[in-house]
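No lab work stands behind these numbers, since they all come straight from the coordinates. Every value quoted in this text rests on a predicted model; they were computed, and no experiment measured them. All Cβ positions, glycine included, derive from the backbone under ideal geometry; neighbour counts span all protein chains shown.
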Amino acid sequence: MLGLLAACASPVAVERIDQQTDYRTFTRNTMSSDRLSEDSRNIFRQLSVLDAFGRDPVATLSVLHKRVAAGVAEPQELFALAEASYLVGRRGGGRPYFLASALYAQAFLFPENGTEAPGAFDPRFRQASDLYNLALSEALMAEDGVHVALRSGRYDLPFGTIDIALDDASLEWGQARLSDFLPGTRMGVRGLNNVYRHAGLGAPLAVATPAPVTDVEGGDDPRALPAAQDGSAALRPGQVARGIIRGRFRIPGTALLSLDAPAEQIRKKQLRGRLSLHLLFDEEAVQVHGRTVPLEYRQSAALAQGLQEANLWRQEFRAFLFGDLLNGLPARLAALTEHRNGRIPVVLIHGTVSSEARWADMVNDLMADRQIAQHYEFWFFSYATGNPIAYSAMQLREALNASIQRLGGAASDPALGQMVLIGHSQGGLLAKMMAVDPGDRLWAPISHQRPEDLQLSAASLDLIRRSYFFRPVPEVRRVVFIATPHGGSFLTEFAVTRLLSRLITLPLSVAEASAEVLSGNADAVMLNLQGARLGSLNGMTPGSPFIRSLRALPLAPGVTGNSIIAVRGDGPPESGSDGVVRFESAHLPDMESELVVRSGHSTQNNPQTISEVRRLLLLHWRNACPTMRRDTKVAC
C-alpha cells in the first residue's frame with residue numbers, strides 16, 4: 001500500500017527559493033561558470049545531446065555543426081553552439097573554438113532574415129554579444145599570452161578555415177602605426193573611484209600610442225635656448241607630444257571581426273572575414289548589416305593600464321627637485337589622442353610635487369559623459385614643479401602657442417579658439433598666467449629698469465622677456481582654478497618647507513640668468529635672486545612680490561574664470577583651509593562662479609569637484625557652440 005501511495009506522488013513539484021537563487025539560475029552561463037546556460041541546456045536536451053556533450057563535447061559540436069551546414073539548424077541552436085564552443089575553447093580547445101564561438105554568436109545576432117534577430121528583451125542578445133567579445137579577445141591573443149595580435153591570415157576552425165583580412169588603414173596613427181594592444185577583458189581595475197564600460201560589440205583593447213617621428217619645440221624666437229634647457233614639446237596634427245611617447249597613456253580601442261552574410265557563411269568550410277581596429281575617440285558605433293551597433297570599450301581599464309605602465313607617482317618628487325632633468329625631458333604638453341576638429345581642448349595642469357596621474361579620476365569620469373566625450377579632448381601639461389612659476393608658465397605658453405599653430409589655429413578649427421584651462425594648486429597659477437596681460441607688473445618688483453637696460457647676455461635677456469613680458473594666449477576662453485593659492489600657501493612659511501626649497505636644482509638657464517642679473521646690475525635689482533628664492537615655493541609664499549603682483553592682475557577680456565575652493569571640516573569656509581591653501585588665498589573676486597567643496601587639498605578626485613567641472617564644461621559648450629557653428633557644421 002505504501003508503495004502505491006508513493007507511486008501516486010507528483011513527479012513535478014516546486015521548491016521555494018529566494019530571488020537571488022532564481023536570478024543566478026537563469027543568468028548563469030559559460031562566461032561566469034563552467035556550466036551552460038539554461039537556454040543552451042534546453043536546446044541540447046531537445047536535440048538529445050546534453051549527456052553526449054558532457055561525455056565528448058568535441059564530437060557533439062561536430063554533430064551539431066552538421067545541422068548548421070545542412071541549413072536545418074534553428075536560430076537558437078547558433079546561440080547554444082556559440083556558448084558551447086566558448087566552453088570547449090576555455091577547456092583547452094584554444095583559438096579554433098574561440099573563433100567558432102565568435103562566428104556562431106555573430107550569425108545568431110545577425111541572421112539572414114532580420115525578423116529572426118533576438119529582441120532587446122531576450123537575455124541571449126546581450127549574452128551572445130558578450131560571447132562574441134570574450135571569444136574574439138581570446139582568439140586574437142598573441143603567442144606571448146599577454147598581447148593581442150591584429151593581423152591577416154588563415155585561421156583554423158573546428159569545421160574548416162577562415163581567411164581574415166586586416167584593415168591596415170585602421171591601425172594608422174598619424175605617420176606611425178598602432179601595434180601594442182592589451183586585452184581589456186583580462187584587466188581588473190583598482191585605484192579609480194569608478195570603472196566604466198561602454199557596452200557593445202567588439203574585443204575591447206588598451207591601445208598604446210606610438211612615438212612621433214620627431215619632437216616639436218615650443219617658441220618661435222631663433223634665440224630661444226636649446227630644448228634640453230627651455231624647450232616645450234608641442235602637440236602635432238596626427239601625432240602626440242613627448243608625454244605620450246614614453247607610454248604615458250593607453251587609449252580605449254576595440255577589435256571587430258565582421259563577415260558578409262554570417263548566417264550563410266557559417267554553413268561553409270571556407271569563410272572570409274574582415275578585422276578592423278576602432279578607437280573610442282573616433283567611433284562610438286558602426287554599421288553592421290544595416291544596423292547601428294555600439295562598440296565595446298573598456299575606458300577605465302585602458303586609462304589604468306597606461307598609468308600603471310608610466311608609474312608617474314614615483315617621478316613626482318624627483319621632478320620637483322631636479323628642474324633641469326625631469327627624466328631627461330623638458331616640460332611637455334601631451335594628449336590622450338590626436339586632435340579632432342570640432343573638439344575643444346581642455347588643458348589640465350597639475351600642482352606641486354604632482355603629475356598627470358592626479359587627474360585620473362576626473363578624466364575617467366568626464367570621458368564617460370557622452371556629451372563631454374563628443375565635444376572635448378584632454379591635454380595634459382607636465383613640468384618640473386620646483387622651478388620658478390614664471391619659467392614654468394613660459395613653457396606652458398610656448399607649448400600651447402606652438403601646438404595651436406601646428407594644428408592650424410582657430411581659423412582652421414574654431415574649437416581651438418575655445419580652449420579651457422583647468423589648474424590645480426600651482427597649476428592654477430600657471431593657468432592664470434595664460435589669461436593675463438602683465439605689462440611690466442611682474443618684472444617691476446625685481447628691477448626698476450627694463451631688462452634691455454641691464455647687462456645681460458642675449459640668452460638671458462631672451463629668457464627674462466619670455467618669462468615676464470607676454471600677452472595672454474588668445475585661444476584661452478575659460479580658466480578653472482582648483483585649490484589655487486592666489487595669495488600663497490601658508491605651508492611655504494614652515495621651516496621644513498624652506499629647507500626643502502634649498503634642495504631644488506634649477507635649470508641651468510635660470511641659474512645663469514639670475515647670476516647675470518645680480519653680478520652686473522646690483523644697483524638695479526630690488527629682490528634677492530639667489531638660489532632657493534627663485535623656486536616655486538618662494539613664489540607661493542604669502543606676501544611675496546610675485547604672488548601679490550599676479551593676484552592683482554585681472555583676467556583678459558573675453559576670458560571667464562571659475563573657482564573651486566577646497567575647505568576641510570564643516571566650519572565657516574571663510575576661516576578654513578584645505579590643509580595647504582586658506583580660503584582667503586584661494587578666493588578671487590569677479591569669478592563667474594565659486595564653489596566650496598568640503599575636501600582636502602587634493603580635491604581633483606572629489607565627486608563634487610568633478611561634478612562642478614562637468615557642469616562648467618557643459619556650460620562652456622553651450623556658450624561656445626553658437627560661435628563655432630557660424631564657421632563650421634557643428635550641431636549645437
For labels at R622 and S179 in the simple 7 Å Cα→Cβ model, what's the distance in nm?
4.8
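If we sort 554-565, 356-367 on the protection proxy, mean other Cβ atoms within 10 Å, highest first, what's the order? List each step's numbers first, then the result.
Working: 554-565: 18.8, 356-367: 21.2.
Ranking the peptides 554-565, 356-367 by packing returns 356-367, 554-565.
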Note the full-extension length gain between R154 and A142 as 0.36 nm times their separation in residues minus their Cα-Cα distance, in nm to one decimal.
2.8 nm
Packing-wise, with mean Cβ within 10 Å as the measure, how do 333-344, 584-595, 14-25, 412-423 rank, highest first?
412-423, 333-344, 584-595, 14-25
Can you list the aspartates and glutamates whose alpha carbon sits under 16 Å from that of K268, skipping same-chain ones fewer than 8 residues off?
E112, D156, D163, D260
Value of relative contact order over segment 25-139, rounded to a whole percent, pairs C-alpha under 8 Å and six or more apart
22
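Label segment 25-139 by shape, choosing from rounded, prolate and oblate, from the square roots a ≥ b ≥ c of the eigenvalues of the Cα gyration tensor; if a/c is under 1.5 it is rounded, and otherwise prolate applies when a/b is larger than b/c, oblate when it is not.
It is rounded, given that a/c, with a ≥ b ≥ c, falls under 1.5.
If I stretch the segment between S593 and R568 completely, what's the gain in nm (0.36 nm per residue apart, minus their alpha carbon distance), one decimal? Each step should come with its number before you reach the end.
Working: separation 25, 0.36 × 25 = 9.00 nm, distance 1.98 nm.
Extra length available between S593 and R568 comes to 7.0 nm.
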So how far, in whole Å, is the C-alpha centre of segment 154-206 from the one of segment 401-448?
38
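Would you please put 50-63, 475-488 in order of how densely packed they are, using the mean number of other Cβ atoms within 10 angstrom per residue and starting with the highest? Present the calculation step by step, with values, prior to reporting the outcome.
Details: 50-63: 14.6, 475-488: 25.9.
With the highest mean Cβ count within 10 Å placed first, the list reads 475-488, 50-63.
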Here FRET efficiency (C-beta to C-beta, V14 to K269, R₀ 41 Å, nearest 0.05) is 0.30
